[in-house]
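Have a look at the structure below before the remarks.
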Amino acid sequence: MIQTPYYLIDKARLLPNMEKIARLREQSGAKALLALKCFSTWPVFDFMRDYMDGTTSSSLYELRLGAEKFGGETHGYSVGWADHEIDDAVKYADKIIFNSLGQLDRFGAKTQGIATGLRLNPQFSTSGFDLADPARPFSRLGEWDMARLEMAQGRINGVMIHYNCENDDFDLFSAQLSRIETEFGAFLKTLDWVSLGGGIHFTGAGYPLDQLADRLKAFSDAMGVQVYLEPGEAAITRSTTLEVSVLDLIDNGKKIAIVDSSIEAHMLDLLIYRETAKLPQNGTHEYQIAGKTCLAGDIFGDAKFDKPLAIGDRISIDDAAGYTMVKKNWFNGVKMPGIAVRDLDGTVKLVRDFGYEDFAAALG
Ligand SMILES: Cc1ncc(COP(=O)(O)O)c(C=O)c1O
Ligand SMILES: NCCCCNCC[C@H](N)C(=O)O
C-alpha cells in the first residue's frame, strides 16, 4: 500500500474528459491546448497528448515544460516577459502572446519568426470571483481599446481572449461570444487565429457539447479564424483524489479527524476561494476533516461515513488536480503528497515521492 498522503490520478476518470475534448475538436474544428497553470503533472501527458493539440502557458518554465513534456502546439503567454526570458521563450514556443501593446512594442521584433498574438480583454467575464475576474476594474490583463488594438495590426496574427471562469452556462457563453463578434468582429476578421481561453466547463455532466461545437464552428467561419480553446479545469476535472490517513480523533463538542495532510499546503486553491473539499458524504457518522498544520483554519470540510472513523483509516478527497497540485507547498514542513497514477488496467504506480531533501532544497 502506498504511504499517504498522495495525489492519485485515475486515467479511467481522466478519459471521459479527454474523449469530450477530442469530440469537440472534431466537430468544431477548434484546437484544444492544455492550460498548464491549472495542471502541469507531466507523468500523464503521454496519455493526454492523443486527445489535445498541445499546451498553453503563463511563464517561461511552463512554456518549456509544455514543449519538452507534451509537445504539439506550444503557446507562450506571460503577463510580463523579462528581457532575459524572451529569447528562450521564442525558442520553445510556436506562438508568443503578449499581454500588452507595450510588451509587443518591446519584444515584437524578437518574435517575427513565429506566430505572435496579443491578449484582448473584452471587459466582461463570467467570473463570480473578484480574484479571478480578468474584467475587474483597472484589470492589467490585456488590451481593449480599439485604437490600441489597431496599433498592433500587422505585427500580430491572432489574439487570446480569456474571459470565462467555470462557466457551465452555454447560453451565456454564446451570448458573450456574440458580443465579441459585434464589438471586435471587424478586427478579428483581419487575424488568422483567436484563442477563447479557458473557463468553459464543457466536460461537466449535461453540458450541451454539440451546441458548443456548432457555436465555435459558426464563430470560426464568420471570423475566418482558427479557434483555440485553453481548457485547464475542464480537462482534468474529477480525475484525481488526494489520499490521506487519519492521525488523530478529537471530540471537543464536534468530532474532528486530523489527517496527514493540509488544505493550506496541499489544496490551497480551496482556501483561497473559501471553498470546502469534496469529501465522502455517505452515512451518519459526521466528522470535520482537518489538516495537521498549526493554522487554526486548516480544515478541509465536513464529511459523513457509514461507520465511526478509526486512526489509520484512509480518506479520499475528490477533485484534487486543478490549481491544486501546481500550488502544493512546504508550509509547516508537512510531507508533500506523492503522485500516483492509476492506469486503465487498474494498476497503481507511485511516479513521484517527496522527502526531507526536497523540503530543504526548496529553501536554500
Ligand atoms: C489565459 C488563460 N487560459 C486558460 C486558463 C484556464 O482556465 P480554466 O482552468 O478555468 O479552464 C486560464 C485560467 O487562469 C487563463 O488565465
Ligand atoms: N473554484 C474556485 C474558482 C477557481 C477559479 N479558477 C481560477 C483560474 C482561472 N482560470 C482564471 O483565473 O481565470
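Worth a mention:
- Verdict on residue 190 being among the polar types (S, T, N, Q), away from ligand 1 (no atom under 13 Å from the Cβ) and either modelled with pLDDT under 95 or more than 24 Å from residue 103 (Cα to Cα) (or both): no
- Qualifying residue in the stretch 217-224 (condition: of a type outside the set (Asp, Glu), away from ligand 1 (no atom under 16 Å from the Cβ) and free of Cβ contacts under 8 Å to residues at least 24 places away in the same chain): yes
- If you go through the stretch 227-256 and keep only what is in a loop (DSSP other than H, G, I, E, B) and away from ligand 1 (no atom under 16 Å from the Cβ), you end up with 252, 253, 254.
- For the stretch 293-343, residues that are within 16 Å of ligand 2 (Cβ to nearest atom), of a type outside the set (A, V, I, L, M, F, W, C), farther than 22 Å from residue 59 by Cβ and not in a strand (DSSP E or B) total 1.
- Here residue 332 clears all of (1) within 25 Å of the chain's Cα centre (by Cα); (2) open to solvent by 40 Å² or more (accessible area, probe 1.4 Å) except the condition numbered (1).
- Out of 80, 66, one residue alone is surrounded by fewer than 19 Cβ atoms within 10 Å (Cβ to Cβ) and either in a loop (DSSP other than H, G, I, E, B) or under 15 Å from the mean Cα position of the chain (by Cα) (or both). It is 80.
- Hits in the stretch 145-173 (condition: within 16 Å of ligand 2 (Cβ to nearest atom) and open to solvent by less than 20 Å² (accessible area, probe 1.4 Å)): 160, 161, 163, 164, 167, 173
- Exactly one residue out of 109, 67, 30, 89 is away from ligand 2 (no atom under 16 Å from the Cβ), in contact (Cβ under 8 Å) with a residue 60 or more places away in the chain and either of a type outside the set (D, E, K, R) or farther than 30 Å from residue 204 by Cβ (or both), and it is 30.
- Taking the criterion of being touching a residue at least 40 places away in the same chain (Cβ under 8 Å) and over 15 Å from residue 308 (Cβ atoms), the residues of the stretch 244-264 that qualify are 244, 245, 247, 259, 260, 261, 262, 264.
- Residue within the stretch 39-56 that is farther than 18 Å from residue 94 by Cβ and small (Gly, Ala, Ser) present: yes
- Residue among 94, 105, 88 that is over 14 Å from residue 35 (Cβ atoms), touching a His at 6+ places or on another chain (Cβ under 8 Å) and surrounded by fewer than 19 Cβ atoms within 10 Å (Cβ to Cβ): 94
- Of all residues in the stretch 14-39, those satisfying the criterion of being within 26 Å of residue 269 (Cα to Cα) and assigned to a strand (DSSP E or B) are 32, 33, 34, 35.
- Selection of the stretch 26-47 for residues being away from ligand 1 (no atom under 12 Å from the Cβ) and not small (Gly, Ala, Ser) yields 26, 27, 31, 41, 42, 43, 44, 45, 46, 47.
- Subset of the stretch 268-285 that is open to solvent by 70 Å² or more (accessible area, probe 1.4 Å) and more than 15 Å from ligand 1 (Cβ to nearest atom) - its residue that is farthest from the chain's Cα centre (by Cα): 284
- Selection status of residue 53, over 30 Å from residue 258 (Cβ atoms) and either exposed (fewer than 15 other Cβ atoms within 10 Å of the Cβ) or not assigned by the TED database to the domain that holds residue 200 (or both): no
- Just so you know, in the stretch 174-201 the residues that are open to solvent by 60 Å² or more (accessible area, probe 1.4 Å) and not in a helix (DSSP H, G or I) include one that is nearest to residue 115 (Cα to Cα), and it is 192.
- Whichever residue in the stretch 344-360 is in a helix (DSSP H, G or I) and hydrophobic (A, V, I, L, M, F, W, C) and, among such residues, is farthest from the chain's Cα centre (by Cα): 360
The values are calculated or read from the model by the stated rules, or taken from the named source; none is laboratory data. The structure presented is a predicted model; accordingly, all values stated were derived computationally and were not measured. Cβ coordinates were reconstructed from backbone atoms using ideal geometry, including for glycine residues, and neighbour counts include every protein chain displayed. Ligands, DNA and RNA are stripped out before the accessible areas are found, and what is left, the full protein with its side chains, is counted by its heavy atoms. Shrake-Rupley method; radii C 1.70, N 1.55, O 1.52, S 1.80 Å.
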